[in-house]
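First comes the structure, then the notes that go with it.
The values are calculated or read from the model by the stated rules, or taken from the named source; none is laboratory data. The structure presented is a predicted model; accordingly, all values stated were derived computationally and were not measured. Reconstructed Cβ throughout: ideal geometry from the backbone, glycine too, with neighbour counts over all protein chains shown. Each accessible area value is taken on the protein alone, full model and side chains, heavy atoms only, with ligands, DNA and RNA left out. Shrake-Rupley method; radii C 1.70, N 1.55, O 1.52, S 1.80 Å.
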Amino acid sequence: MRGRLAAVSIDLDEVPNYFAIHGLAVPERSGAAVALNAVYDTALPRIADFAASHGIPVTLFAIGRDLARPESAAALRALSDAGHAVENHSYGHRYDLSRLPRAAIAREVLLGAEAIAEAVGRRPTGFRAPGYTVSDALFDALDAVGVAFDSSVFPCPPYYAAKALAMGVQRVKGRGSSAILDTPRVLAAPRRPYRPGRPWYQRGGRRFIELPIQVTPGLRLPVIGTSVALTGAAGARLLARACAGEALVNLELHGMDFLDRSDGLEALAPYQPELRVPLGRRLEALVAFVVEVSRGGASFVRLDEATGAPGLVD
């Protein structure tokens with residue numbers, strides 16, 4: 001596989017995770033006011049339609065515990081059977097995963113992989129850490145299970161600053177957050193695919209490849225679902241052009257990017273910025289990004305396919 005590549009990966013964080021990020025109590029399921037399974041029940045069919053409409057494969061990062069729900073497992077199996085990749089997003093989506101004891105980290109990685117294998121019939125070969133936060137201990141666990149790639153490192157100063165500010169504001173308002181702030185050393189990590197060493201933010205000799213979350217050259221602006229959606233179609237095209245020289249354009253989205261506040265998420269809309277933008281406008285921006293990247297000569301592949309491309313790692 002030669003030439004420029006692009007990939008769309010989607011983290012399937014279910015709705016309760018967003019309440020936890022914002023320090024909000026998860027509504028009772030009996031209330032039916034909030035669609036707590038909206039990512040699998042509503043977003044996943046839209047993701048399937050989006051991928052089919054544009055003829056691109058997607059890489060889905062699933063949380064193992066969510067697949068105990070038969071409906072969620074069946075929906076994910078259908079996309080896997082259609083040729084999309086399902087990779088490991090840990091078992092319980094602990095935002096502090098990288099800070100747990102080594103045995104607990106290994107258990108989260110292994111249980112997540114086992115749950116996915118049971119649900120879709122294929123063992124995952126890739127991993128993405130909750131909250132993009134990694135450590136040497138986590139990378140040791142990934143080496144031990146033999147993953148081919150990780151796609152977690154996000155060396156993005158604007159994102160780091162915005163996250164720190166948002167968490168600080170929440171604390172002032174008396175709301176905690178399940179999220180944690182990564183070490184600032186992440187900002188020194190390579191922005192292009194590399195083989196990690198020890199420490200993880202430097203190049204080295206680990207067996208797997210790190211596929212960093214996409215940032216632009218120079219200013220390292222974030223190229224993720226939120227930035228694409230909030231800048232609109234014109235901004236999305238500019239972000240795509242800024243990545244024109246990359247061997248791999250690694251666009252990371254969330255299931256939330258395919259949901260609207262009218263999908264039973266009115267309670268989250270005041271806190272979740274993308275829900276304040278109509279879904280149609282966000283999808284228009286996403287399509288503009290994909291079309292512009294394709295126009296620039298890149299071929300869309302799954303992340304596991306990109307990992308084996310010659311010349312991907314410097």
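What is the Cα centroid distance between segment 193-226 and segment 87-137, reported in whole angstrom? The distance from the Cα centre of segment 193-226 to that of segment 87-137 comes to 18 Å.
With a 1.4 Å probe and all protein chains in place, put 254, 54 in order of accessible area, largest first. Please list the in-between numbers first.
On the way: 254 40, 54 70 Å².
Descending order: 54, 254.
Screening the chain for whole DSSP H helices of 20 Å or more along their axis (Cα) with average Kyte-Doolittle hydropathy at least -1.0 returns 102-120, 157-172, 279-295. Looking at the chain, which longest stretch skips every one of the trypsin sites (Lys or Arg not before Pro) that is in a DSSP loop with at most 14 other Cβ atoms within 10 Å, leaving the sites themselves out? So the longest stretch without any such site is 3-121. For segment 139-195, the Kirkwood hydrodynamic radius comes to 13.5 Å, computed from all pairs of different C-alpha atoms. Distances between placed amide hydrogens fall under 5 Å for residue 87 paired with 60, 61, 62, all partners being 5 or more residues away or on another chain. Name all residues of segment 3-26 having a backbone nitrogen under 18 Å from the label point set 7 Å from the Cα of residue 172 along its Cα→Cβ direction, giving them as ranges. It comes to 22-23, nothing else. Kindly work out what percent of the DSSP beta bridges joining two residues of the chain are antiparallel, to the nearest 5. Counting only bridges with both partners in the chain, antiparallel ones make up about 10 percent. Accessible area per residue was computed with a 1.4 Å probe on protein heavy atoms; residue 291 scores about 60 Å². What the phi angles of segment 192-198 give under the Karplus curve with 6.51, -1.76 and 1.60, with θ = phi - 60°, is a coupling list of 10, x, 8, 9, x, x, 10 Hz, glycine and proline written as x. Geometric descriptor of segment 1-107, per residue, is 157 Å³ (volume of the convex hull of the Cα atoms). In terms of overall dimensions, segment 198-254 has a Cα radius of gyration and Dmax of 13.3, 40 angstrom. Convex hull of alpha carbon positions in segment 238-278: directionally averaged projected area 3.7 nm². Of the three principal axes defined by the Cα atoms of segment 120-218, the extents in descending order read 43, 36, 23 Å. When the P(r) of segment 168-314 is calculated, the portion above 19 Å amounts to 62% of the C-alpha pairs.
Determine how many Å³ per residue the convex hull of the Cα atoms of segment 98-157 encloses.
On the way: hull volume 5.0 nm³, N = 60.
Dividing the Cα hull volume of segment 98-157 by its residue count gives 84 Å³.
Using the Karplus relation 6.51 cos²θ - 1.76 cosθ + 1.60 with θ = phi - 60°, the per-residue 3J(HN,Hα) values for segment 245-261 come to x, 7, 5, 9, 9, 10, 7, 9, 10, 10, x, 4, 5, 10, 10, 10, 4 Hz, with x marking Gly and Pro. Residue 150 contributes an accessible area of around 0 Å² to the protein surface, as traced by a 1.4 Å probe with all chains present.
Using alpha carbons only, what's the Rg to Rh ratio of the chain with Rh from Kirkwood?
On the way: Rg = 18.1 Å, Rh = 19.5 Å.
Rg divided by Rh gives 0.93.
Calculated from the alpha-carbon coordinates, segment 48-197 shows an Rg and a Dmax of 16.5, 47 Å respectively.
GluC sites (Glu not before Pro) within segment 227-314: which are DSSP loop residues with at most 14 other Cβ atoms inside 10 Å? Each step should come with its number before you reach the end.
Working: sites: 246, 252, 266, 274, 284, 292, 305; in loops: 246, 266.
Counting only loop positions with at most 14 other Cβ atoms within 10 Å, the GluC sites (Glu not before Pro) in segment 227-314 are 266.
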